[in-house]
1. Give me the number: length gained by fully extending B:W130 to B:T225, i.e. 0.36 nm times residue separation minus the C-alpha to C-alpha distance, one decimal in nm.
2. Evaluate peptide B:172-180: per residue, the Cβ atoms of other protein chains within 10 Å of its Cβ; return the mean as an integer.
3. Kindly state, to the nearest 0.05, the FRET efficiency for B:V149 paired with A:R119, given R0 = 45 Å and r defined as their beta-carbon distance.
4. With everything on Cα atoms, drop me the angle between helix B:209-218 and the longest principal axis of chain B, reported from 0 to 90° to the nearest 10.
5. Provide the three semi-axes, in whole Å and in decreasing order, of the ellipsoid equivalent to the protein assembly as shown as defined by the square roots of 5 times the Cα gyration tensor eigenvalues.
6. Using only atoms on other chains, find how many Cβ atoms lie within 10 Å of each Cβ of peptide A:111-120 and report the average.
7. Please identify, among B:L222, B:L144, B:L119, the residue showing maximal mean-square fluctuation in a Gaussian network model of chain B using a 10 angstrom Cα cutoff.
8. Any chance you could check the Cα centroid distance between region B:194-264 and region B:1-67 for me, in angstrom?
Amino acid sequence: MPPASAPQLPAVIEVRDLHKKFKQVDAVNGISFDVHHGTTTALLGGNGAGKTTTLSMLLGILTPSSGSIRILGEDMLRHRYRVLPRINFTSPYVDLPKRLTVAENLRVYARLYGVPSPRERIGELSLDLDLGELLNRPYGNLSAGQRTRVSLGKALLNRPEVLLLDEPTASLDPDVGDRMRTLLEQYQKRSGCTMLLASHNMGEVERMCNDVIMLRAGIVVDRGSPQALLARYGRENMDDVFLDIARERNTPDHGVSADGHAEGIVS
Amino acid sequence: MAVGGSANRIRALIERHAYLLLKSWPRLVSMAYYPTVTMIMWAFVTVYLRPTSNFLADAPGLFIGAVLLWDILFRGQLGVSLTFFEEMYSRNLGNLFVSPLRAWELIVGQLVMSMLRTLIGVGAACVFAWLLFRYSIFSLGFPLIAFFVNLIICGWAIGLAVSGLVLRWGLGAEELAWAAVFLLAPVSGVYYPIRVLPDWLQVVAHGVPTSYVFEGMRAVLLEHTFRSDLFVQAMAINAVYMAAGIAFYLLAIGYARKHGMLMQMGE
């Protein structure tokens, strides 16, 4: 389990009082948090908790109703095109063109992100992600797990300083999932990349994340390192912590500060 | 640097669609098929009517030229719309809109692809017109350039508006891509002069740039004069159409960003 994030590290993602309302529904209702340089933070919550909505706003693909987002020191609402070349994202719910081969897709995205020496970069990624045999196959002919690997390749093309991951190992068998996590950890160690991931895989969260933000109905209901949350809820694994929070049972008495840090004592 | 980056991203979009076109012979054939078949049909109408028609005796290329020019408009519009639809079919919009690609670069990419598709589709029909009927579209002389520019700009404006409609209302509105341009056909005077229309419809026709183009074509073929006044009027109206098309498309993108539609759009 990685150590809790050190607050003295600079904040790479700064979210303040973020709201998103769809008609009468508050999908995200005034959340604030920081993600510090070189750390991995998990965004957890049940379906409809606001994870994907939050990630979408961070990516600039969804306009917030109010609030502010700063990434790498830039205001995402005003200067997102300064930030987008330096970050990347992957999600199993967004595809790449199916009739293009994997190599063609990666070449197109390398050019979109202005990757220098795309051929070399694609070569490196195909080794890291074991894409060699897939490069000349149409993306649409790949299995779900293979697509996830290719999407991760696309996300790493521009050597992002910030990586937003929506269920990065969904659809992968345990072996490949483990390799992907190792790859992400190695990439972070090499590059100092900051990662924010939404996941339903609690083992993945315990293994990779320094920090966890728990969302329910669009608000931050708890936050802390996996160790702190396990201790606070008196549980042995994050699955049980997740269920406690999602089902509003065994809830410790504490508050969450403006920057999303949990305060208070374990009950 | 910024200009180079934009050029690179536009090139990436063009490559993405070129990969798709070049590996799909049905797509290539379908681009040329309709213009060629329509041209052949109007060529035989000409063959049939020419012995009994003075104006066809004077200008045998009147119908064939008209149908080829009409297809510049139609292919130009389809080229813009279909380039956008391909991104929706493949659920790739999410990846595109979180990349550094700007909206205006997307538009330029769509316009370039439209130009290529038009040249392939109408070009093939022009070759068959020469091979089968010894009719050359180039017999229109330099005014052909003025007609081409006006028709393709009008097609682009409609194509962008249709892309905006589909972005706003989903692929259910896709049929508009095939039908939208035909709204203009009756008032464009493709095969007949505008003066045959009822007075109130002539007023409508004067608000449509294509009516000036086809009047201009008849002036070249029947009176052997290039009407620069018609060219200027068509360009002026096209400037308004294009500005409206771009504005509507950008508004639709803004709407989609506000309502979280970019991540979910797809088949």
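1. Values: separation 95, 0.36 × 95 = 34.20 nm, distance 2.35 nm.
The B:W130-B:T225 span can extend by a further 31.8 nm.
2. Details: counts 0, 0, 0, 0, 0, 0, 0, 0, 0.
Per residue, the number of nearby Cβ atoms from other chains is 0 on average.
3. Values: r = 38 Å, r/R0 = 0.85.
Calculated transfer efficiency: 0.70.
4. Taking the Cα atoms of chain B, the angle to B:209-218 is about 30 degrees.
5. On the way: eigenvalues 631, 112, 62 Å².
Value: 56, 24, 18 Å, ordered largest first.
6. Values: counts 9, 15, 7, 8, 1, 0, 0, 0, 0, 0.
Mean shielding count: 4.
7. B:L222
8. Centre-to-centre distance over Cα atoms comes out at 19 Å.
Computed from the coordinates by the stated procedures, all read-outs in this text should not be read as laboratory data. None of the values given here were measured: they were computed from a predicted structure. All Cβ positions, glycine included, derive from the backbone under ideal geometry; neighbour counts span all protein chains shown.
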